[in-house]
Each structure stands twice: as C-alpha cells, then as structure tokens.
1. Checking the structure you have, find out if any residue of the range 227-245 is at pLDDT below 95 and not in a helix (DSSP H, G or I).
2. Taking only the range 111-165 into account, find how many residues are in contact (Cβ under 8 Å) with a residue 24 or more places away in the chain, of a type in the set (D, E, K, R) and exposed (fewer than 13 other Cβ atoms within 10 Å of the Cβ).
3. Would you mind stating whether Met184 is within 16 Å of ligand 2 (Cβ to nearest atom), closer than 24 Å to Arg107 by Cβ and either not assigned by TED's automatic domain parsing to the domain that holds Ala64 or not in a helix (DSSP H, G or I) (or both)?
4. Select, from Arg94, Arg40, the only residue that is more than 12 Å from ligand 1 (Cβ to nearest atom), modelled with pLDDT of 95 or more and touching an Asp or Glu at 6+ places or on another chain (Cβ under 9 Å).
5. Of the conditions (1) closer than 28 Å to Glu50 by Cα; (2) crowded, with 21+ Cβ neighbours inside 10 Å; (3) at pLDDT 95 or above, Gly252 fails just one. Which one is it?
6. Could you tell me whether the range 187-195 includes any residue that is within 16 Å of ligand 2 (Cβ to nearest atom), out of contact with any Gly (no Cβ under 8 Å at 6 or more places or on another chain) and hydrophobic (A, V, I, L, M, F, W, C)?
7. In the range 37-51, is there at least one residue being within 22 Å of the chain's Cα centre (by Cα), away from ligand 2 (no atom under 16 Å from the Cβ), buried (at least 20 other Cβ atoms within 10 Å of the Cβ) and not hydrophobic (A, V, I, L, M, F, W, C)?
8. If you go through the range 68-84 one residue at a time, how many are closer than 15 Å to Glu35 by Cβ, surrounded by 16 or more Cβ atoms within 10 Å (Cβ to Cβ) and β-branched (Val, Ile, Thr)?
Amino acid sequence: MSDLRYAFLVTRGHGSADAAIAAHDGGTVLLDMKERRVIRRYGTGDVTAEYVRMRRAFTAHVGAPAFTVGGAGEFVVEELILGEHLLDLPLATRVSALRRLISEYARLTAHAGVEGAGMRDLLTHVFDRLIQNRGLRDRWDAAHLGDLATRMTWVPSAYEATAKNLMVSRGQRPVPIDLGDLQMQPFFAYPVGVLISAGGDVLDAFRRGVFDAEFEELWAAAGQTWSGGDAAREGVLVARAAFAATRDHDAGVPGGIDELFGARLTTIQPWLNDTRTGGFV
Ligand SMILES: Nc1ncnc2c1ncn2[C@@H]1O[C@H](COP(=O)(O)OP(=O)(O)O)[C@@H](O)[C@H]1O
Ligand SMILES: [Mg+2]
C-alpha cells in the first residue's frame, strides 16, 4: 500500500512524455519512452552546484543513469533505464547485481572518498540514552566494528538506500535511481542498506559470506581490512542500523534514538526477514 501513487498516461500533444508519476519526495517523474529519457523534478528543490558535484562523482564510478541539468536547475534529464526493479528478480540475479554494485562502490570509495568521523564520534551525543536500554547496549557491545569505530571514509550516497530504488538493466547492470537526495555517507551505508532491504534470502547469503570478496574490495578501498567471519558481518549490519538511526534522529524524525535504533535492528533480525520487505532502510 505504501507504494500507491498517482501516475498519468500522457496522450501525445505538444510534449513527448508518455507517463507522469507523482514521486514520493513530492517531485515528478516524466518518462519519455521515445527519447529514452526521464525528466525528474525533485521534491527537495532546485539542483545545486554541490549536488551536481556529488552526482558526477557518483555516476563516474557507480552505474547510475547518465544525467544533465535542465532549465535553470529546476530539473534533471536522465537516461531511461530499460530493465527491472531489483525486488522483482530471482535470488541469483539479485545477488550478482549486488556484488557488482559493491565492487563499483569500492571504486567510488577509492576515488571520491573523504576521510571523516568514525562510528563512535557519530554516536557520542546519543550514546548515554542508547546504553540505558539493555537490549540495545548488548547488541552494540557484541558488534565487531573494527576500524569503523574510529574512522570512516565518506562518499556521495543516496539518503534512502532501499532496494526499491535499484533497477537492473537488461545488460544486468545495477542502476541506482531516485538520486535527488545525494549526501555524504560512510562508505558502507548505501550498499549495506540496499542489501538489507533486498530480501531475507539475500541477507542470509550475506551472513554465509557470499559477498565477502566484494566486501574485501570495499574495505580495502577505504584503507581498512575486512576480517570476514560472523562477528564482522554482524558488526556492519549493526553499524548500518546505528548510522541510519542517528541520521534520522538528527534530521528530526520523531521517536527517540533508542526507538529508532530498535526499529532499524528489527530489519536485520533473521526471523523477520523470510519475506521481502523492500521497506525503508
Ligand atoms: N531513470 C529511470 N529509468 C527508468 N525508470 C525510472 C527512472 N527514474 C525513475 N523511474 C521510475 O519511476 C519510479 C519513481 O521514481 P523515483 O525517482 O524512484 O521516485 P520516488 O521518489 O517516487 O520513489 C521508479 O520506481 C521507476 O519505476
Ligand atoms: Mg523511488
């Protein structure tokens, strides 16, 4: 139900759009099948120079749609991706698309990464409240974060890392879409967020080490070592949950840090992940 939205078929008049979609972010998406392009006006407002800088860096390494800025920065014209949404594909295809996405993220991290705060710094202002909750504290203490605790490389990433915004083109290329809210995030936040929302079967595969080779590449690009094993894998899932909860808390999302963190942790509980959620992460 959360995916209900307005879509209009446009009969050809003066313009060339075939369908118009009211986007979740308050913007609009015009699909122009003939010219194979999408005209995307973002609900976040006009396109800034900083946005263009981040999106260029992102698109240079990750297979996102090629784009140009239109009008006086009011909209983006991007490549129309012919393919499928990640969640509509079988497990093997989802896994190979995600492996490729993580490798591309390693290149983004190596070339466009900026050294920044580690998890501990990020959490200082909420930590007291967090550790009052025994369950959350135990979960946090058990997570093996390695160097993420003290330093992380930050890269341009989409705010909402959800499998719904990952398409797979007919050439099997993973294509992140819905990039109106790009911002700097820790290097693992986007790929791990997409992985968490890509289905319980994908999360199981991650826990079995199916993605370890790509995680090694990604960690090396950030100047760190992926140790593999259960503790490291669980650690990065918990770190992703903590990062997202803190970010939402700082952005004014109601509920308190403990509630937000608790909700994020439930998305990585194995027993809740036997159905595809595609939910927000
Ligand atoms: N570049 C694109 N190529 C193909 N389809 C697209 C593209 N951009 C958007 N779409 C389609 O339009 C839908 C809504 O666009 P999106 O940018 O994800 O907006 P929302 O904010 O509503 O999630 C997508 O789920 C996808 O089906
Ligand atoms: Mg979307």
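The values are calculated or read from the model by the stated rules, or taken from the named source; none is laboratory data. The structure presented is a predicted model; accordingly, all values stated were derived computationally and were not measured. As a convention, Cβ positions derive from the backbone with ideal geometry for all residues, glycine included, and neighbour counts pool all protein chains shown.
1. yes
2. 1
3. Working: within 16 Å of ligand 2 (Cβ to nearest atom): no; closer than 24 Å to Arg107 by Cβ: yes; either not assigned by TED's automatic domain parsing to the domain that holds Ala64 or not in a helix (DSSP H, G or I) (or both): yes.
So Met184 does not fit the description; no.
4. Numbers: Arg40 fails: more than 12 Å from ligand 1 (Cβ to nearest atom).
Going through Arg94, Arg40 in turn, the sole match is Arg94.
5. Unmet for Gly252, out of (1) closer than 28 Å to Glu50 by Cα; (2) crowded, with 21+ Cβ neighbours inside 10 Å; (3) at pLDDT 95 or above: (2).
6. Taking the range 187-195 as the starting set, the residues that turn out to be within 16 Å of ligand 2 (Cβ to nearest atom) are 190, 193-194.
Subset that is out of contact with any Gly (no Cβ under 8 Å at 6 or more places or on another chain): 190, 193-194.
Keeping just the survivors that are hydrophobic (A, V, I, L, M, F, W, C) gives 194.
Checking the range 187-195: at least one residue is within 16 Å of ligand 2 (Cβ to nearest atom), out of contact with any Gly (no Cβ under 8 Å at 6 or more places or on another chain) and hydrophobic (A, V, I, L, M, F, W, C).
7. Yes: one or more hits.
8. Looking only at that region, the number is 3.
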